[in-house]
1. Restricting attention to segment 73-108, and to residues there that are surrounded by fewer than 21 Cβ atoms within 10 Å (Cβ to Cβ) and polar (S, T, N, Q), which single residue is nearest to V200 (Cα to Cα)?
2. Can you tell me how many residues in segment 177-222 are assigned to a loop (DSSP other than H, G, I, E, B) and at negative phi?
3. Given the options R130, R146, name the one that is among the basic types (K, R), surrounded by fewer than 22 Cβ atoms within 10 Å (Cβ to Cβ) and out of contact with any Lys or Arg (no Cβ under 8 Å at 6 or more places or on another chain).
4. Would it be correct to say that A111 is within 17 Å of L213 (Cβ to Cβ), in a helix (DSSP H, G or I) and out of contact with any Cys (no Cβ under 9 Å at 6 or more places or on another chain)?
5. Give the residue, chosen from A116, A111, A68, that is more than 9 Å from the ligand (Cβ to nearest atom) and surrounded by fewer than 15 Cβ atoms within 10 Å (Cβ to Cβ).
6. So if I check each of V27, V5, V17, which one is assigned to a strand (DSSP E or B), at negative phi, touching a residue at least 24 places away in the same chain (Cβ under 8 Å) and within 14 Å of the ligand (Cβ to nearest atom)?
7. Which residues, taken from segment 17-71, are of a type in the set (K, R) and either out of contact with any helix residue (DSSP H, G or I) (no Cβ under 9 Å at 6 or more places or on another chain) or over 16 Å from G105 (Cβ atoms) (or both)?
Amino acid sequence: MNVLVIGASRGIGLEFVRQYRAAGDAVSATARDDAGLERLRAIGAAALRLDVTADDCAAALAAQLGDAAFDIVVVNAGVYGPKTDGLQAPAADEFDRVMHTNVLGPMRVLAPVAGALARTGARIAVMSSRMGSIGLRAGANGWLYRASKAALNSVLKDASTALAGRATCVALHPGWVRTDMGGAQADLDVERSVADLRRVLARLGPGDNGRFLDHDGTEIAW
Ligand SMILES: NC(=O)c1ccc[n+]([C@@H]2O[C@H](COP(=O)([O-])OP(=O)(O)OC[C@H]3O[C@@H](n4cnc5c(N)ncnc54)[C@H](OP(=O)(O)O)[C@@H]3O)[C@@H](O)[C@H]2O)c1
């Protein structure tokens, strides 16, 4: 298989690259600094430089992808932003950083990704979060992050409609994972989360287009 991971310098993205490489897949992956690019090369990935908040990121990605054709694309880059627990309004620059990374970035990269898909069986996943679910909402902590992932889910749903018949598009929740973002108290180690997510991706068919799935494959309410 030919796999692309966007936002793979560390955490869940880097683990996707490790596991797909270990399974013998060809992997292209992005990072935005030299250290991240070097980590990707060291595990045999084609390393592409990309910051999803850069105004020219769509063109930069398209130029680096060339005529590649991916079976699986994981749009993983994300930030949490302010750790609020109530209705504290975010500063404008924090709002922009979170929304630009988690929403505008995917909106920009989805078009070049759509132009670089395998002709049959292509799958695109955006790394969402259960915290973005409005149906399951039971707390207001991290409300900017929640708003960004709810918006990302809307973006994914539109992508699933626009790309129906060309790719199966899903929003995934990786669980609460021990990474820089998830912290040391999280439920899952990154190896387990990504192994689960790879299993979910492997089983996807056209009938799954536009779904929001947990790492164990169960449906999450929008
Ligand atoms: N960990 C969890 O419990 C959890 C739960 C639900 C959802 N998620 C989602 O899963 C995804 C990965 O999370 P993680 O836990 O692995 O987080 P992480 O350890 O903080 O890693 C975040 C990744 O996103 C990249 N990134 C951030 N801003 C970027 C930008 N402007 N352009 C390109 N790449 C950028 C980072 O690259 P740099 O190294 O350059 O910063 C890094 O590779 C995120 O979308 C997150 O919201 C995580």
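1. For segment 73-108, the residue satisfying everything is T101.
2. 19
3. Answer to the selection: R130.
4. Considered against the rule, which asks whether it is within 17 Å of L213 (Cβ to Cβ), in a helix (DSSP H, G or I) and out of contact with any Cys (no Cβ under 9 Å at 6 or more places or on another chain), A111 comes out as no.
5. Details: A116 fails: surrounded by fewer than 15 Cβ atoms within 10 Å (Cβ to Cβ); A68 fails: surrounded by fewer than 15 Cβ atoms within 10 Å (Cβ to Cβ).
Going through A116, A111, A68 in turn, the sole match is A111.
6. On the way: V27 fails: within 14 Å of the ligand (Cβ to nearest atom); V17 fails: assigned to a strand (DSSP E or B).
After applying the criteria, what remains is V5.
7. Correct list: R18, R21, R32, R39, R41.
Each value in this text was obtained by applying a stated rule to the coordinates, not by laboratory testing. These numbers come from a predicted model, not from an experiment. A quick note on method: Cβ atoms are made from the backbone with ideal geometry, for glycine too, and the neighbour counts reach across all protein chains shown.
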